[in-house]
Amino acid sequence: MTTKVLSPFGLLLIFLFTFQFQAYSQQEEFTISGKVIDNDLEVPLEYATISVINANDPQDLTGGITDIDGNFSIDVPEGTYDILVEFISYESKRFNDRTVDSNTDLGTIPLGVSSASLDEVVVRAETTQVDVRLDKKIYNIGQDLTTAGGTVSDALNNVPSISVDIEGGISLRGNDNVRILINGKPSAMAGFGGTDVLGQLPAEAIERVEVITSPSARYDAEGTAGIINIILRKKETLGFNGSLTLNAGHPENAGVNANLNYRTENYNLFTTTGYRYSESPGNAFFDTRYFENQQDAFLDSIPYNRNVEDRQMDRINRGFNTNFGMEYYINDMSSITGAIFYRKGNDEDLTTNISDYYLNNSPQIGTERYEKETEEDDSYQFSINYINKFDNEGHELTADVQYENDQETQQTLIREPVMYNNSDQDNIFLPRERTNTLEKQKEYLIQADYVRPIGENSQFEAGYRGNFENEVTDYKLFQENVNNELLLNVNQTNIFDYSENVQALYSQYGSKFGDFSFLLGLRLENTQLKGQIDSELSEEELQEIYSFDIDTDFDNNYLGLFPTVNLIYELGEEENITLGYNRRINRPRGWFINPFPSRSSRNNVFQGNPNLQPAFSNAFDLGYLKRWEKLTLTSSVYYQRETDAFSRVQENVNISVTNPDYVEGDPISEQYVEQRVIRNIPFNLATNDRMGAELGFLYNPADWLRLNGSFNYFRFALDGSFNGVDYSQENTSYFGRFSSKVTLPGSIDWQTNAFYRGPSDEVQGTQEGILSIDLALSKEILNEQATISLNVRDLLNSRRRNAYTLTDNFEQDTEFQWRQRQINVSLIYRFNQQKRQQQRENAENGGEDMDGEF
């Protein structure tokens, strides 16, 4: 770079060498840089196009694209330029007549979704939006009124492609083999091996949800259906700002949640802290008809061929959770972020189960089972993230370390008095039971990612991830004898020590040629599934009791390559086609492997299968996006072939339990007797072929009306057998959702959400369709600093599963409702956020004045 010295002698030299200097300066190049972000989501826009046009010669054109962090850097000779920033489906931003005679930083450039006016963009931000990337779809939850005062599970149930069943199970496109991540990583906030925690965290904590149906090599290969990545709120506005949410409702529930942020030039502090109390009554009904008479030792061998159970569940959940973090800016190129997450739960459930036993439709005996379960849960997580930028062009290194610890203590007390007895047997004694369960889980995560741009349109990335998880379950079952003593049932008492260790290396390369972009990746993963069952019974005794071979000490290793291909072709400014391929793995969780049965009633148990093997899948996805002025259309067709897929079946089997008439020291009486139960158990299918199509739309016909909906249709074919029984079948099903938001007079918003899952054929029967409707009203108050809302979830109280099961030994009708209709009132108060909104609007309208101030 040439420095001009404005002295008398310098002026003379400049005059004498004008032409030589001009020729030299024409060869000198300067850098135009900046960062492009989504105006509403506040996330980087990768592959945004930057065009630099010579103001004096429009044919003289150069440019580039943004990297994964939205950064760009373009070298140009000295001159005057028009700079155009574009991203598909977004409003363009133009900087006219910019004189470039030194390195020029345009700062942070926010782009809004294409619309006729800024006001319409702000309105759109109140509903769910979709942004299509090479390997994911990003849904901004927005101000979803129906989930105000609700949980993360409630919010997920309003995201296209995702459905949450009545028991809280999460599926993607009808497939429940889905991986849940929090901020891109496995987390205690998503639960260890389950999704129960998501039903306790407040929905207000979510910033956006990423639905990754074709994950790139950067992500863990776990989850054959794909990945759901939940991004939590972390504001970065200068100063102190945040929001406070209060909610209450019926059945009795109440909660308070605070999102706070404080930022200076050197650091940023953020927290999401809340407490939640909720009562969730539910119910279930089971009508089982046996094709042959049954006999139960507990019922003094009274024969019966029909059993009817009517179950009522009263659940109380108390939970405190906090996520506190600090990001420290070491310098302009590096920062370190530390965060602590803590959750404490104290739950109490009472289940009442009325059972009637019939012989040829004549009632023989009736019992009423009371099961009271208390659970205390303590979870904490420490995480550290370090990022170092080598330049402003996206060349960077990030590293993460995370440690999680969880301990759950459960105690269950069970008693089952006899209500009536029409049989020939007298003095029937059903013993009390007590179970003690202690679960301890630890998880370590080490991760490093390296990103290196290559030229203006390409990028290379590589990384390592090690995830080491251990879970120890100590389960004890005590049963009462005739002397009112609780005896330990060694047949069902055990310690299960299970470890899942996954290490992976990956690399991927992406580039863009005109309207075509691609991202190719390869991931090498090694999975170790290791388990040890500590029981007083031998393997032979366990196999005899549970009717299949059991390995009490296993150590399985799986090494595999997982390629990914993601392509996108821009047909026009508002239209694109995407194509993705990936190979995935589904690893069985600990509770799917533990062979000792959990007892939801005397007659229905769930039992894990230690012989389960991981499932592998190959999936293809073809998508299409088209935007008009007021309508956005998304669609895709997909196909997946999964080998060793998991499925669950019901069997009529005997399990060994303590004999209530056993007398210690008596050589004649037996300590254990057999009890006939219906066992629900997972197993590996040979294959599961799944294909389907989905269609979604966002339509804003007027300022006062906003509509969106989605429809997903899928077909699957199962092939496999278990215990000599063939469970092959073919089935088709579908689900759809529709949402409307209407602005009424008085600035009152009215939102309605409807969800319907169609009927389906299951492995051993059928399941009826499920309809659920949510309704909400809200109004801005206190000069738009606060929002008050009223919502009703499951308006018709119809969210219940009705199913029919048929096997060689019995048929069963069931009805299950996990949670009844709920009514909630919520108040959200925001402070120091109106000013932030005004700053954002100023950035939108005054982009030509941005000179690196952000």
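Derivation of every value follows stated rules applied to the coordinates shown; laboratory data play no part. Model, not experiment: these values are computed from the prediction. Cβ placement follows ideal geometry from the backbone for every residue including glycine, while neighbour counts extend to all protein chains displayed.
Using θ = phi - 60° in the Karplus curve 6.51 cos²θ - 1.76 cosθ + 1.60, the 3J(HN,Hα) couplings for the stretch 392-400 round to 9, 9, x, 7, 7, 10, 10, 9, 10 Hz; x is entered for Gly and Pro. Along the axis of the charge dipole computed for the stretch 239-849 (Cβ charges of +1 for Lys and Arg, -1 for Asp and Glu, origin at the Cα centre), the listed residues N257, F620, Q764 are led at the positive end by N257. Each residue of the stretch 429-439 is assigned a 3J(HN,Hα), and the resulting list reads 10, 9, x, 5, 9, 9, 10, 10, 10, 10, 10 Hz, derived from the Karplus form 6.51 cos²θ - 1.76 cosθ + 1.60 (θ = phi - 60°), x at Gly and Pro.
Among the listed pairs K442/K476; K630/K779; K512/K741, those with a Cα-Cα distance over 28 Å are K512/K741. In the stretch 453-567, the inverse of the mean reciprocal separation of distinct Cα atoms equals 18.6 Å; this is its Kirkwood hydrodynamic radius. The stretch 273-336 gives an Rg/Rh value of 1.52, both radii derived from C-alpha positions and Rh following Kirkwood.
Place a +1 charge on the Cβ of each Lys and Arg in the stretch 28-111 and a -1 charge on the Cβ of each Asp and Glu, then give the dipole magnitude about the Cα centre in debye, rounded to the nearest 20.
Details: 4 positive and 18 negative charges, 38 e Å.
The calculated dipole for the stretch 28-111 is roughly 180 debye.
If the viscosity is 1.306 mPa s and the temperature 10 °C, what translational diffusion coefficient in µm²/s does Stokes-Einstein give for the stretch 488-531 when Rh comes from Kirkwood over Cα pairs?
On the way: Rh = 14.8 Å.
Result for D is 107 µm²/s.
Think of the stretch 239-849 as a dipole: +1 on every Lys or Arg Cβ, -1 on every Asp or Glu Cβ, centred on the Cα centre; then among N576, N421, F716, N576 lies furthest on the positive end.
Computed over the Cα atoms of the stretch 239-849, what is the convex hull's projected area averaged over all directions, in nm²? Numbers along the way, then the final one.
Numbers: hull surface 129.1 nm².
The directionally averaged projection comes out at 32.3 nm².
Computed about its Cα centre, the charge dipole of the stretch 724-824 is approximately 660 debye, with only Lys, Arg, Asp and Glu carrying charge at their Cβ.
Could you state, as a whole-number percent, how many of the C-alpha pairs of the stretch 28-111 are farther apart than 21 Å? In whole percent, the long-distance tail amounts to 24.
Give me Rg over Rh for the stretch 673-768, both radii from the alpha carbons and Rh done the Kirkwood way, two decimal places.
Working: Rg = 21.3 Å, Rh = 17.2 Å.
For the stretch 673-768, the value is 1.24.
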